[in-house]
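Input: a single structure, listed below in structure tokens.
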Amino acid sequence: MRKLLLLFILIASVYIHCNAQNQKKINFTYTNNPPIVDGDLNEGVWAECVSYSDFQQHDPTWNIPVSQKSEVKICYTQQGIYVGVMLYETAPDSILQEFGMRDNTVNADYFAIEFDPYNTMQDSYYFQITASGVQSEWRRTDGYYNAVWKSSVKILKNGWSAEMFIPFSAFTFPSKDIQQWRMQFYRYIRRHRELDSWCLEDKTNDNDIQFWSSTENLKSIKPPLRLFITPYINGLMQKDASESAWSNTINGGLDLKWGVNQSYTLDMTLLPDFSQIQSDNKVKNLTAFETVYGDYRPFFYESMSLFQMGDLIYSRRIGGTPINYSKVADSINSNEHIEDNPQSTQLINAFKFYGRSANGLAVGFFNAITNKALAYIDDNAGNRRSVETEPITNYSIFVIDKALKGKSNVFFSNANTFRGNHSTNANVSALGGNYYFAQGKYRLYLLSGMSRRATQDAFYSKQASEGYKGDFLFAKVNGKFQYQTNGSFKDKKYNPNDLGINFINDEISANCSVSYREPNPFWKVLAMRNTLALDYATRWSTGMPTTYVWNYAFSTTTKKYTSLWGGLSWRPDKIFDYYEPRNGSFYKVPRYFSGNANLSTDYRKPFAIDIGYQSTWVYDYNGFNNYISVSPLARIGNHLNMRYTVWYSNSSGQRGYAGTDALSNSVFGKRTVQTAENSITAQYVIKNSLSLSFRTRYYWSKGKYFDFFSLNNDGTLSNSIEGYTSNHDFVYSAFNFDFSFNWDFAPGSSLMLTYKNELVYQLDNADKNYMQYLRYSFDNPMSNVLAIKILYFIDAGSQLKKRNKG
């Protein structure tokens, strides 16, 4: 036994030693004569640099020779990193080169460099340049990370070349003499969908950074002053649908980013303006829950990943609908009318402090203040009174996260909403962490949370509402065969919705899933995945099931690059819905069976199309819902791309909440709901810094009720209600048109011209068809916005350094 143990230790030691020996190294060359970033590799400094060319294919077939040779050279100065790339090509006419604006996903070959400067294997910086010159960058922990850097490409007779300059001010790194980074290079040959990597990664491993190279000779870097100022001026003309005249405003503001030290950063926005952001995709909501929209405001999605830990922030709360907006209509007298009731609060300022130190300690603090919101009510005599729908409100969130070995971490997050002494204030906390073990093969995740809500006077008394939650997950995350089990509980009073979002509480839920994926080609398939899952939940206080569904999902891509995916869902027994009745009772949701199938053709071609279909059968009352979508994409040359999307759903025999009767009891209706959406998006890129784009969307939903039922105490529906005559039919329409002209006239600086109009209306009848309502919609007044905005990026740190040298 002892001999076997010694033999095992010897084999393990040799294996670890061989892995250490096989890890590739990158030697950085220091230079005082950096190259000009013009795409040419003829400067003398490149001849002095080590060439890295032994790439291996990662996709579609793992660990085989690459189809084209690639060479990478790298050097640095005290200002930043220079990367020179020669990407050989035996068929240079076949290099795909679609143009696009910064961060656009385009149909083009690309080269990318990715590095983990802290060597924690938990985060990295990614910089990409396409053969058409389109820049992109992001971080593993921040998909919206932005930086200002330089690049240039050239198409040659034997391939294409690129040069990149990434300043040290664009990212953070440890303040020490010798840097020990992990680094990777990628090349993507679009026409083959071939991804080549310099360090071969295990496609079934959850942590690919462990396979990257390590740096050598990168030393004596003096961290620069990271101070960036972006002032802006904005001219705005707008007219609401209820107004006859245009209003005009000119204002300005300032965004500031300051590297407090090499680890931590402060972002501030003063008097922000978001008139250029995309319009919301408004929909008819028949559910018991609010509609959730994405946040297109840059300050609220860039560098926000740290603040998402614990799931305590839904950024649309900030500057969102005032908390008492819907109560204004109930507060007016018979001789009064609402003159103005703002649907959003005004953001005064916001800042965020965030970063991670060399020892893996991340700290984040976010704060935003919104102004008081007032509704104005006029009476027939011309008198006016105001109603406060939300006071001045301060939102904040604090996060501390400690990175541990092998992607493990532990964190604490706290969110606070303060509205003053006589309004509801809230404080929500979460403590959690991830633990990876068995060489990262398994993951254990635990989280506990607590919420507390009350007026300021009662916040620390027994009158405060205090709730709790907890989450658990155990999963096998590596290998072709994976599985996981997770669960959560939320008591009746858990409520993070002042700054976060949570729909359901008083519930215990569980999920179990197993999946098998084949990442390598076989037969006519490039890759495939199959997953079987069970979701089950019960009402904590009653023990009744609130979720019970089996799910099967598959996805595959063929060797002709057609993607297919779909699945099946089955609820074998009725469940209890405590939210649809809207009055604290419950409704027994019937059983159903559903299937869906989707197809996406080869995106490398000038024309591609996505098609989807889903059908659901509610077999307790023989109800059906069918959904189909078609979305063709056309690329005309390298400058113009257009996408048209249409989808239609038809639900017949559906049962759902309709309203209340004279005794405030829930009334359910049997209804048919038809919904359709048409949208067109197009972008014409004159060059990578100059583009025109537009987006138009028409959404239409019609509901017609055929019968009404009262809700019984056991959650079933009674027979038809005799004499119930209330009309709940509806037609809801939303139309948007967004046009923008964007010119990036200097690195980080841009001029944006935006025109938007919007129409939202609802009628209480369903006697016209789709085309009749479409014509009718354009007879109604629309809201209009015309805005021009100029931002100018100033690298104040570099300017100060130059001034001090002078």
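The values are calculated or read from the model by the stated rules, or taken from the named source; none is laboratory data. Quick caveat, the model's predicted, so the values are computed rather than measured. Every residue, glycine as well, gets a Cβ built from its backbone with ideal geometry; the counts of neighbours run over all protein chains shown. We work out accessible area using only protein heavy atoms, side chains counted, and drop any ligands, DNA or RNA first. Shrake-Rupley method; radii C 1.70, N 1.55, O 1.52, S 1.80 Å.
The condition (being closer than 19 Å to PHE299 by Cα and modelled with pLDDT of 95 or more) is satisfied by just one residue among GLU137, GLU163: GLU137. Could you tell me whether the stretch 27-37 includes any residue that is assigned to a loop (DSSP other than H, G, I, E, B), among the hydroxyl-bearing types (Ser, Thr, Tyr), closer than 16 Å to CYS199 by Cα and open to solvent by less than 30 Å² (accessible area, probe 1.4 Å)? No, because not a single residue in the stretch 27-37 is assigned to a loop (DSSP other than H, G, I, E, B), among the hydroxyl-bearing types (Ser, Thr, Tyr), closer than 16 Å to CYS199 by Cα and open to solvent by less than 30 Å² (accessible area, probe 1.4 Å).
Among ASP764, ASP779, ASP744, which is the only one that is charged (D, E, K, R) and within 33 Å of the chain's Cα centre (by Cα)? Don't jump to the end; show me each part of the working.
Working: ASP764 fails: within 33 Å of the chain's Cα centre (by Cα); ASP779 fails: within 33 Å of the chain's Cα centre (by Cα).
Within the list ASP764, ASP779, ASP744, the selection yields ASP744.
Got at least one residue in the stretch 87-99 being surrounded by fewer than 23 Cβ atoms within 10 Å (Cβ to Cβ), part of a strand (DSSP E or B) and in contact with a Pro (Cβ under 7 Å, 6 or more places away or on another chain)? Looking for residues that are surrounded by fewer than 23 Cβ atoms within 10 Å (Cβ to Cβ), part of a strand (DSSP E or B) and in contact with a Pro (Cβ under 7 Å, 6 or more places away or on another chain), one finds none in the stretch 87-99, hence no. Quick one: in the stretch 660-674, of everything that is surrounded by fewer than 19 Cβ atoms within 10 Å (Cβ to Cβ) and of a type in the set (Ser, Thr, Tyr), which residue is nearest to MET642 (Cα to Cα)? My answer is THR672.
For every residue, the table says whether it meets (1) touching a His at 6+ places or on another chain (Cβ under 7 Å); (2) modelled with pLDDT under 75; (3) open to solvent by 40 Å² or more (accessible area, probe 1.4 Å).
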| residue | (1), (2), (3) |
| --- | --- |
| VAL760 | no, no, yes |
| ALA766 | no, no, no |
| GLN772 | no, yes, yes |
| ARG775 | no, yes, yes |
| PRO781 | no, no, yes |
| LYS789 | no, no, no |
| ALA796 | no, no, no |
| LEU800 | no, no, yes |
| ASN804 | no, yes, yes |
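Residues that are farther than 22 Å from LEU236 by Cα, part of a loop (DSSP other than H, G, I, E, B) and open to solvent by 60 Å² or more (accessible area, probe 1.4 Å): does the stretch 301-309 have at least one? Please lay out each step first, then the result.
First, the residues of the stretch 301-309 that are farther than 22 Å from LEU236 by Cα: 301-309.
Going one step further and asking which of them are part of a loop (DSSP other than H, G, I, E, B), we end up with 302-304, 309.
From what's left, open to solvent by 60 Å² or more (accessible area, probe 1.4 Å): none.
No: zero hits.
Tell me yes or no: at least one residue of the stretch 376-385 is surrounded by fewer than 15 Cβ atoms within 10 Å (Cβ to Cβ), in contact with a Ser or Thr (Cβ under 8 Å, 6 or more places away or on another chain) and not in a loop (DSSP other than H, G, I, E, B). Yes - at least one qualifying residue is present in the stretch 376-385.
ARG187 fulfils the conditions (1) over 26 Å from the mean Cα position of the chain (by Cα); (2) crowded, with 22+ Cβ neighbours inside 10 Å except for a single criterion, (1).
If a residue has to be closer than 16 Å to VAL514 by Cβ and of a type outside the set (Val, Ile, Thr) to count, how many in the stretch 440-486 make the cut? Number of matching residues: 15. Note on the stretch 357-369: residues that are open to solvent by less than 10 Å² (accessible area, probe 1.4 Å) and at pLDDT 95 or above amount to 3.
Can you name every residue in the stretch 131-145 that is within 30 Å of LEU306 (Cβ to Cβ), assigned to a loop (DSSP other than H, G, I, E, B) and open to solvent by less than 70 Å² (accessible area, probe 1.4 Å)?
Start the filter on the stretch 131-145 by keeping residues that are within 30 Å of LEU306 (Cβ to Cβ), which leaves 134-145.
With the extra rule that they be assigned to a loop (DSSP other than H, G, I, E, B), the set shrinks to 134, 140-141, 143-145.
Within the stretch 131-145, VAL134, THR141, GLY143, TYR145 meet the criteria.
Condition (residue is touching a helix residue (DSSP H, G or I) at 6+ places or on another chain (Cβ under 9 Å), at negative phi, part of a strand (DSSP E or B) and open to solvent by less than 50 Å² (accessible area, probe 1.4 Å)) applied to the stretch 117-128: is it met by at least one residue? The answer is yes; a qualifying residue exists.
The requirement of being of a type in the set (Phe, Trp, Tyr), assigned to a strand (DSSP E or B) and over 19 Å from THR345 (Cα atoms) is fulfilled somewhere in the stretch 399-414, by at least one residue.
To keep it simple, each residue is scored yes or no on (1) of a type outside the set (D, E, K, R); (2) surrounded by 17 or more Cβ atoms within 10 Å (Cβ to Cβ).
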| position | (1), (2) |
| --- | --- |
| TYR395 | yes, yes |
| VAL399 | yes, yes |
| ALA403 | yes, yes |
| ASN409 | yes, yes |
| ASN416 | yes, yes |
| ARG443 | no, yes |
| TYR460 | yes, no |
| GLY467 | yes, yes |
| GLY479 | yes, no |
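Looking at the stretch 418-436, which of the residues that are open to solvent by 40 Å² or more (accessible area, probe 1.4 Å) and hydroxyl-bearing (Ser, Thr, Tyr) is modelled with the lowest pLDDT? Result: THR424.
Return the only residue of LEU499, LEU473 being surrounded by fewer than 17 Cβ atoms within 10 Å (Cβ to Cβ) and in contact with a Leu (Cβ under 9 Å, 6 or more places away or on another chain).
Working: LEU499 fails: surrounded by fewer than 17 Cβ atoms within 10 Å (Cβ to Cβ).
When all the criteria are applied, what remains is LEU473.
Residues of the stretch 155-205 that are hydroxyl-bearing (Ser, Thr, Tyr), part of a strand (DSSP E or B) and under 24 Å from PRO747 (Cα atoms): SER161 alone. Which of the residues belonging to the stretch 70-86 are part of a strand (DSSP E or B), touching a residue at least 60 places away in the same chain (Cβ under 8 Å) and either of a type in the set (Lys, Arg) or under 30 Å from PRO298 (Cα atoms) (or both)? The answer is GLY80, ILE81, TYR82, VAL83.
Would you be able to tell me the number of residues in the stretch 153-177 that are aliphatic (A, V, I, L, M), more than 16 Å from GLU71 (Cβ to Cβ) and open to solvent by 10 Å² or more (accessible area, probe 1.4 Å)?
Applying the first criterion (aliphatic (A, V, I, L, M)) to the stretch 153-177 yields 153, 155-156, 162, 164, 166, 170.
Those still in the list that are more than 16 Å from GLU71 (Cβ to Cβ) too: 155, 166, 170.
When the remaining residues are screened for being open to solvent by 10 Å² or more (accessible area, probe 1.4 Å), the result is 155, 170.
The number of residues fulfilling the criteria is 2.
When SER326 is tested against (1) assigned to a helix (DSSP H, G or I); (2) of a type in the set (Gly, Ala, Ser); (3) in contact with a Phe, Trp or Tyr (Cβ under 8 Å, 6 or more places away or on another chain), only condition (3) is not met. When each of ARG529, ARG517 is tested for being in a strand (DSSP E or B) and open to solvent by less than 70 Å² (accessible area, probe 1.4 Å), the lone residue that passes is ARG517.
Each row is one residue, and each column tells you yes or no for (1) over 18 Å from TYR483 (Cβ atoms); (2) open to solvent by less than 60 Å² (accessible area, probe 1.4 Å).
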position: ILE508; (1), (2): yes, no
position: SER513; (1), (2): no, yes
position: TRP540; (1), (2): yes, no
position: THR547; (1), (2): yes, yes
position: ALA553; (1), (2): no, yes
position: LYS560; (1), (2): yes, no
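For the stretch 30-50, the set of residues classified as farther than 11 Å from VAL83 by Cα and touching a helix residue (DSSP H, G or I) at 6+ places or on another chain (Cβ under 8 Å) consists of THR31, ASN33, listed by residue number.
Please determine whether any residue of the stretch 728-739 is closer than 22 Å to ASP577 by Cα and not in a strand (DSSP E or B).
We begin by selecting, within the stretch 728-739, every residue closer than 22 Å to ASP577 by Cα; these are 728.
This time we only want the ones that are not in a strand (DSSP E or B), so: 728.
Yes, because at least one residue in the stretch 728-739 is closer than 22 Å to ASP577 by Cα and not in a strand (DSSP E or B).
How many residues are among the small types (Gly, Ala, Ser) and within 23 Å of the chain's Cα centre (by Cα) if we restrict to the stretch 608-650? Break it down into steps so the answer makes sense when it comes.
Initial filter on the stretch 608-650 (among the small types (Gly, Ala, Ser)): 608, 612, 615, 623, 629, 631, 634, 637, 649.
Restricting the remaining residues to those that are within 23 Å of the chain's Cα centre (by Cα) gives 612, 629, 631.
Residues that pass the stated criteria total 3.
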